[in-house]
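Peer 1: Below is the structure I would like to discuss, written out as structure tokens.
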Ligand code: LLP
């Protein structure tokens, strides 16, 4: 997290943000490990009344191996959505039993590999479950269900509605039961993920009731409540009150287990909550361009590095770390890509000058992992700050990287 420190300069994990930008250059992703630690511990504490519990970090949010190792050190498991994420998690030292793989619509061969690797699996459609039963009837498997609840920060990240591509409809649970009976396939877990950016605790509690109903029909060893905990992107945003959620959901879960007389593992799989706030994208100002009614701060980055503002109209707070006390003026902060790629519009920011460094906040989740080489631009380097020291955890791309997958057929 980037903060204005007592010395009146911006710092990340106790290190001057200006110095970091000077040493590593911009654009640059910087992650403060202490923020990840405190978010993890806060979430774990919120659910501490549940004996058997597991936080599985949704690594799609930020998948650098050093971040994965940080999560492992904290006691987290992994939520993986692709077989490559599974491989990366194994490489980071996670045991197969600490990984839960919940893909959507992938081919059976990928699922076969997951079975071979021995990771936990959640299947998200009836057709795939039927095929799974044909091939692996002796491998216990979980199912992802769709609750038919629409919730989430915007339409693109709502995943629980009746028309959602995700999961097995709760209306098909009879079919799952029949399949299990006929083939002997054991359903060992129930999973649900309603969407991202859900602040309302009641949405999670309504989802929990649906999960409990489903879980009571199968010999489940775990119930996975997914994620979607909303973080604050701006001061006025409402964030999920995880302490309240922890209190209410833990009570409901413990009551369910007690009533059912079963010892079930409680799982959640947060991405954003754990890493969003820890990340800052530092960008340099190439030009301050005056147009008739707008002042543009043109930076050395774009939607190729952080697509959230363009993809979801997401708000990311921006501060000018080079001029923290300059006069406030309105700017459009915009990238260098050949499409409109605004990071902010009509945003009051301390006066921006050519060469200044701006910090785009809350960029830890779905920043680098959604970055691309569009316009044949390089993805930036990444640095993590731990115990007051900076560590380079990935270098920027190079022209060789871009060419490395291309096959030149010549003239
Ligand atoms: N579990 C499943 C099955 C998911 O699909 C996701 C996110 C998560 C867990 C983690 O959700 P989180 O705690 O991060 O909300 N790129 C979008 C968010 C899409 C998330 C996709 N799935 C964004 O930048 O807002």
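Read the figures in this text as sums done on the coordinates, not as results from a lab. Note that the structure is a prediction, hence the values are computed from the model and not measured. No Cβ is skipped: glycine too gets one built from the backbone with ideal geometry, and neighbour counts run over all protein chains shown.
Peer 1: Sorted by packing (mean other beta-carbon atoms within 10 Å per residue), highest first, where do 113-125, 228-240 land?
Peer 2: 113-125, 228-240
Peer 1: Short version: what are the Cα gyration tensor semi-axes of the range 33-275, square root of 5 times each eigenvalue, largest first, in whole Å?
Peer 2: 26, 21, 17
Peer 1: So how much slack lies between residue 325 and residue 5, counting 0.36 nm per residue of separation and subtracting their Cα-Cα distance, in nm?
Peer 2: Between residue 325 and residue 5, full extension yields an extra 113.9 nm.
Peer 1: Still on this structure, I have one more. For a protection proxy built on the mean count of beta-carbon atoms within 10 angstrom, sort 1-11, 72-82, 266-276 highest first, please.
Peer 2: The densest-packed peptide leads the list: 266-276, 72-82, 1-11.
Peer 1: Ok, one more. At a 10 angstrom cut-off on C-beta neighbours, averaged per residue, how do the peptides 292-305, 166-179, 24-37 rank from highest to lowest?
Peer 2: The most tightly packed comes first, giving 24-37, 292-305, 166-179.
Peer 1: Just to confirm my numbers, what's the Cα centroid distance between the range 85-136 and the range 1-67 in Å?
Peer 2: 29
Peer 1: For the chain, would you read off the P(r) tail past 35 Å as a percentage of all alpha carbon pairs?
Peer 2: 32
Peer 1: A further question on this structure: Only residues of the range 81-108 count here: report those whose backbone N is under 11 Å from the spot 7 Å along Cα→Cβ of residue 131, or say none.
Peer 2: Answer for this model: 105-108.
Peer 1: Which value in nm describes the separation of the simple spin-label points at residue 174 and residue 373, placed 7 Å from the Cα toward the beta carbon?
Peer 2: Distance between the two pseudo-spin positions: 5.2 nm.
Peer 1: Expressed as a rounded percentage, what relative contact order does the range 33-275 have, with Cα pairs under 8 Å and six or more residues apart?
Peer 2: Contact order relative to length: 22 percent.
Peer 1: Over the range 225-332, calculate the relative contact order: mean separation of alpha carbon pairs under 8 Å at least 6 apart, over the residue count, as a percent.
Peer 2: So the answer I get is 25 percent.
Peer 1: Sticking with this one: Please give the contour-minus-distance gain from residue 112 to residue 254: 0.36 nm per residue of separation, less the Cα-Cα distance, rounded to one decimal in nm.
Peer 2: Full-extension gain reported as 47.7 nm.
Peer 1: Now a separate question. State, to one decimal in nm, how far the label point of residue 238 lies from the label point of residue 265, with both points 7 Å from Cα in the Cβ direction.
Peer 2: The answer from the label model is 3.4 nm.
Peer 1: Per DSSP H run of n ≥ 4, the term is -39500 (n - 2.57); total these for the chain, divide by its residue number, and report the mean residue ellipticity at 222 nm rounded to 500 deg cm²/dmol.
Peer 2: -9000 deg cm²/dmol
Peer 1: Separate question: Below 8 Å, C-alpha to C-alpha, sequence gap of six or more: please give me the relative contact order for the range 175-257 in percent.
Peer 2: Result for the range 175-257 is 34 percent.
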